[in-house]
Amino acid sequence: MMHAIYRKIFNAIKKYDKIVIARHIGADPDALGSSIGLKEIIQETFPNKTVYVVGTPAAKFKYLGMLDKITEEMYEDSLLIVTDTPDQKRVDGVDVDRFSYRIKIDHHPFIEKFCEIEWIDDSASSASQMIIELCYNTKFKMPKEAAEKLYIGLVADTDRFLFSYTTSKTFSLVSHLIKDTKLDFFKLYTNLYMRPFKEMKFEGYIANNLEVTEHGFAYIKLSDEILHKYDVDAATAGNMVNNFNYIENVYAWAVFSDDKANHNIRGSIRSRGPIINEVASRHNGGGHKCASGVRLKNFDEVDILVKELDLECKKYQEQ
């Protein structure tokens, strides 16, 4: 018997002829994979529907597919689906309140309700996992093109199944996906992990300049000058945070980058135990217990945040 939430979402999608899919600002592979993958699932199942995926393009992930520019016409008698986004202010590219009906599909801890239907599962590894689950518990059809996007999103958000919220359900759904679509997942890794040599050199700079606090919090502050020297942007720097997972006596770590384009300091934080999302939420950020992000005004705010995260590492050790 179909779970009630799956049925509600399927019926709402079935009802509307025009659908807009959005996700969070600062798109990553899971945000893009879940939204673009869902579009392709809907179009495969209902060929006569018009489906758009909107938001600021991310050149680094353009292999996941093209995005649509929002127009006034898209708001008229339309369904909005928001993936991978817990709060309204982080929805990228649309005015949420102008749509006829709204659905949220998200794996972050609950922050606020802004949709008529909200499916939140903070035990799920990714929004992409939730879209796979939705598809295989309804009459949706899964084309291979969608499977590729969803697999990339899931693998990226679990860092190749390394994070603790990778569960038996994750592996079960991925196994189903591979069998169902005959997915050649080895080929997908090239786009996801290939990077220019300059980024390898930049990673070496980060490794050589990480600072570690008394209680095991590692961090680096990257100025605009350093980013310019290595010809990388703040988003690229933030994405490197997952490359420093296993450093002895380091329990949490972060990369703080001067994001001139958005006039803030972009912080990506990870943890192997200390709970970091509560601290992040006090500093214009949030996320998961062990993977969060922040947007800060300046590096003075970074110093305050570092002290709080060092304290969380101290608490963790004492426990």
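Observations, loosely collected:
- The distance between label points at K15 and K139 comes to 1.7 nm (points 7 Å beyond Cα on the Cα→Cβ vector).
- Each peptide in 33-43, 284-294 receives the mean, over its residues, of other Cβ atoms within 10 Å, and ordering these scores from highest gives 33-43, 284-294.
- P(r) tail, the chain: Cα-Cα pairs separated by more than 24 Å, 54% of all pairs.
- Three-way shape call for the range 40-152 based on the alpha-carbon gyration tensor, with the a/c threshold at 1.5: rounded
- Secondary structure note: in the chain, about 45% of the DSSP beta bridges are antiparallel.
- The charge dipole of the range 4-192, taken about its Cα centre with unit charges on the Cβ atoms of Lys, Arg (+1), Asp and Glu (-1) only, comes to about 540 debye.
- Residues D92, D68 arranged by fewest to most Cβ contacts within 10 Å: D68, D92
- Cα shape, the range 197-318, gyration tensor, a/c 1.5 rule: oblate
- Spin-label model, K89 to Q319: label points 7 Å out along the Cα-to-beta-carbon direction sit 2.7 nm apart.
- Residue with peak Gaussian network fluctuation, the chain [Cα springs, cutoff 10 Å], from D300, D84, D157: D300
- Across the range 197-318, the mean sequence separation of Cα contacts (distance under 8 Å, 6 or more residues apart), normalised by length, yields a relative contact order of 22 percent.
- For the peptides 301-310, 231-240, 267-276, residues were scored by their other Cβ atoms within 10 Å and the scores averaged per peptide; the highest-first order is 267-276, 231-240, 301-310.
- Cα-based shape type of the range 4-192, given that a ≥ b ≥ c are square roots of the gyration tensor eigenvalues and the cut on a/c is 1.5: rounded
- Span-rule helices in the chain, defined as complete DSSP H runs reaching 18 Å or more along the axis (Cα) with Kyte mean at least -1.0: 29-45, 144-158, 168-181, 197-209, 299-318
- Exposure proxy order (Cβ contacts within 10 Å, fewest to most) of F114, F186: F186, F114
- Rounded to the nearest 20, the size of the Cβ-charge dipole of the chain about its Cα centre is 920 debye, with Lys and Arg at +1 and Asp and Glu at -1.
- Charge-dipole axis of the chain as Lys and Arg at +1 and Asp and Glu at -1 on Cβ define it, positive-most pick from L183, V53, V82: L183
- Dipole orientation for the chain: of the candidates N137, I265, I9, N137 has the Cα lying most toward the positive pole (charges on Cβ; Lys, Arg +1; Asp, Glu -1).
- Based on C-alpha pairs under 8 angstrom that are at least 6 apart in sequence, the chain has a relative contact order of 13 percent.
- Put in line by how crowded their Cβ is, counting other Cβ atoms within 10 Å and starting with the fewest, V96, V51, V82 read V96, V51, V82.
- For the range 1-74, the dipole from Cβ point charges (+1 on Lys and Arg, -1 on Asp and Glu) about the Cα centre works out to 200 debye, to the nearest 20.
No value in this document is a laboratory result; all are computed from the given coordinates. Because the structure is predicted, anything quoted here is derived from the model rather than measured. For neighbour counting, all protein chains shown are included, and Cβ atoms are generated from backbone atoms with ideal geometry for every residue, glycine included.
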